[in-house]
Amino acid sequence: MTTALLIDFGSTYTKLRAIDLERRAVLGAGQGPSTVASDVRIGMKAALADLGQRLGVLPKFKYRLASSSAAGGLRMVTIGLVRELTAEAARQAALGAGAKLVGSFAYRLTTADLEKIGALAPDIVLLAGGTDGGNSEVILHNARALATRRISCPIVYAGNRAAADAAASLLAGSTLITTDNVMPEFNVLDIEPARAAIRNVFIDRIVHAKGIDRASAEFDRVLMPTPAAVMEGARLIADGCASSSGLGELMVIDPGGATTDVHSVAGGEPQTPGAMRRGLPEPRVKRTVEGDLGMRHNAATIVEAAGADTIAREAGLPAQRIAALVENYAREVEHLPDNADELALDQALARAAVGIAVARHCGSIETVYTVNGPVTLQQGKDLSALETVIGTGGALVHSGDPRAALRMALADPAAPQSLRPRAPRLLVDRDYLLYACGLLGAVEPEAALELALKHLKEPPNERPLNA
């Protein structure tokens, strides 16, 4: 058996990739509707039938590995002490684990906060707060509040180690997983243990709660949420493995129907001479999720953020036509473009979403004047020297001009304070393999890396959006 089946239980489609491990090649792809709301096995069988039809016969698979973002993804609430410190560290841990962050709270939880958390119906709560040996009062107050509310989902404790035993006693009636503090010392991040704990909870509990395990006869195991699989694919392509080098520091951009995700694998240290960092240190492997930049769910928001006149000009359509199409998208969020106007609009939306999302992901610099003279401060990552930018997801893969969209990620002379990439190589994940490479990398990293590098392609030269 020299083949692998990589499965993505997506929000709309269950997608399959069959991989020849020896030749590092894609044998075929298949998909079926995601039927998690009814019976996940129906969509899985449809996807397998589609794959079988394309291949002629399904081979015996050495690995059958899956990721999932179905049924709304991994819904998560984070709680920290100070919003700019432990609450932000908890947020970074949640996003890095592939979670869909639905709420973030800081300081002492109030009755209103607890009502909001209940209404958000999270799959996991991440409870943080205080450095090790530091403030225990707030995190214990919040543990007591969660216990009183009887939050039914698992709680991951990633706060002050000195308060862990007391918190465990308070939360004895809850499912509690204790891991290392996301901020053991002031301004020191340690989010990988919390990421690992969140993924373990996802595998052990959420997969069952979402009904994904009903299709367990068709796969070996679900390894992680799909966004985490994409992130692991990005990490592998950047860093390489024991026997092969990667591409170096990079960014991955994924504009989707509900969100636009940006991943970066880079240190982000200041490139501007004399610049000093401000705020929390940035994780080297970072994910941001822009919930207001979904190509379908939030098309109107993208138009508003970019400017209706800009979208109309780039799509080559009258503003009234843009408004009508966006209204149609709001009514039918799973709609795929099927005429020239919709294709032109999608391309303009993708360009806008990429530009806005990358600007938010990258850091910025500003000059502050002090009594000792001007000081240059950097907030966030400096990605100006980034070597590679990769586009993935249907909005880019099926775009008539993916290069035009990816170029929106580049530095703009009109916004010199933004630390976006200046001159990276642009690549497209045309076969939607990043999630598959992230999964395969867990068992055969060399094969996964070679597969990824073989299938990343430079997009063709730009042409007019309304051509």
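The values are calculated or read from the model by the stated rules, or taken from the named source; none is laboratory data. On a predicted model such as this, the values are computed, not experimentally measured, just so you know. Backbone-built Cβ (ideal geometry, glycine too); neighbour counts: all protein chains shown. What goes into the accessible areas is simple: the full protein's heavy atoms, side chains included, and nothing from ligands, DNA or RNA. Shrake-Rupley method; radii C 1.70, N 1.55, O 1.52, S 1.80 Å.
Going through 245, 216, 264 one at a time, which residue ends up being within 21 Å of residue 455 (Cα to Cα), over 13 Å from the mean Cα position of the chain (by Cα) and of a type in the set (S, T, N, Q)?
Criteria check complete, one pass: 245.
Quick check on my filter: what residues within the range 404-439 are open to solvent by less than 40 Å² (accessible area, probe 1.4 Å) and more than 18 Å from the chain's Cα centre (by Cα)?
404, 405, 410, 415, 418, 419, 420, 421, 424, 426, 427
Restricting the range 208-222 to residues that are crowded, with 20+ Cβ neighbours inside 10 Å and of a type in the set (A, V, I, L, M), which is modelled with the highest pLDDT?
222
Give me the pairs: first residue in the range 321-337 and modelled with pLDDT under 85, second residue polar (S, T, N, Q), beta-carbon distance under 8 Å, and six or more apart or on different chains, which are they?
Partner pairs satisfying both residue conditions: 334/12; 335/328.
For residues that are modelled with pLDDT of 85 or more, of a type in the set (Val, Ile, Thr) and open to solvent by less than 30 Å² (accessible area, probe 1.4 Å), tally how many sit in the range 180-206.
Here the count works out to 4.
Within the range 275-291, which residues are under 30 Å from residue 343 (Cα atoms) and crowded, with 16+ Cβ neighbours inside 10 Å?
287, 288, 289, 290
Do we find a residue being among the charged types (D, E, K, R), without any contact (Cβ under 8 Å) to a residue 12 or more places away in the chain and open to solvent by 50 Å² or more (accessible area, probe 1.4 Å) anywhere in the range 292-307?
There is at least one residue in the range 292-307 that is among the charged types (D, E, K, R), without any contact (Cβ under 8 Å) to a residue 12 or more places away in the chain and open to solvent by 50 Å² or more (accessible area, probe 1.4 Å).
Looking at residue 413 and the list (1) in contact (Cβ under 8 Å) with a residue 12 or more places away in the chain; (2) in a loop (DSSP other than H, G, I, E, B), which single condition is not satisfied?
(1)
Any idea how many residues of the range 356-370 are in contact with a helix residue (DSSP H, G or I) (Cβ under 7 Å, 6 or more places away or on another chain) and surrounded by fewer than 21 Cβ atoms within 10 Å (Cβ to Cβ)?
Total meeting the criteria: 1.
Within the range 237-256, can you find the residues that are open to solvent by 20 Å² or more (accessible area, probe 1.4 Å), outside any loop (DSSP other than H, G, I, E, B) and at pLDDT 95 or above?
The one that is open to solvent by 20 Å² or more (accessible area, probe 1.4 Å), outside any loop (DSSP other than H, G, I, E, B) and at pLDDT 95 or above: 239.
Name the residues in the range 370-389 that are of a type outside the set (A, V, I, L, M, F, W, C) and either touching a strand residue (DSSP E or B) at 6+ places or on another chain (Cβ under 8 Å) or at pLDDT 90 or above (or both), would you?
374, 376, 378, 379, 380, 381, 382, 384, 387, 388
Kindly list the number of the only condition in (1) part of a loop (DSSP other than H, G, I, E, B); (2) modelled with pLDDT of 90 or more; (3) closer than 30 Å to residue 236 by Cβ; (4) not acidic (Asp, Glu) that fails for residue 288.
Just one mismatch for residue 288, condition (1).
Check residue 345 against each of (1) more than 29 Å from residue 270 (Cα to Cα); (2) of a type in the set (A, V, I, L, M); (3) part of a loop (DSSP other than H, G, I, E, B) and name the one condition it does not meet.
The failed condition is (3).
Is at least one residue of the range 291-309 over 24 Å from the mean Cα position of the chain (by Cα) and not aliphatic (A, V, I, L, M)?
Yes: one or more hits.
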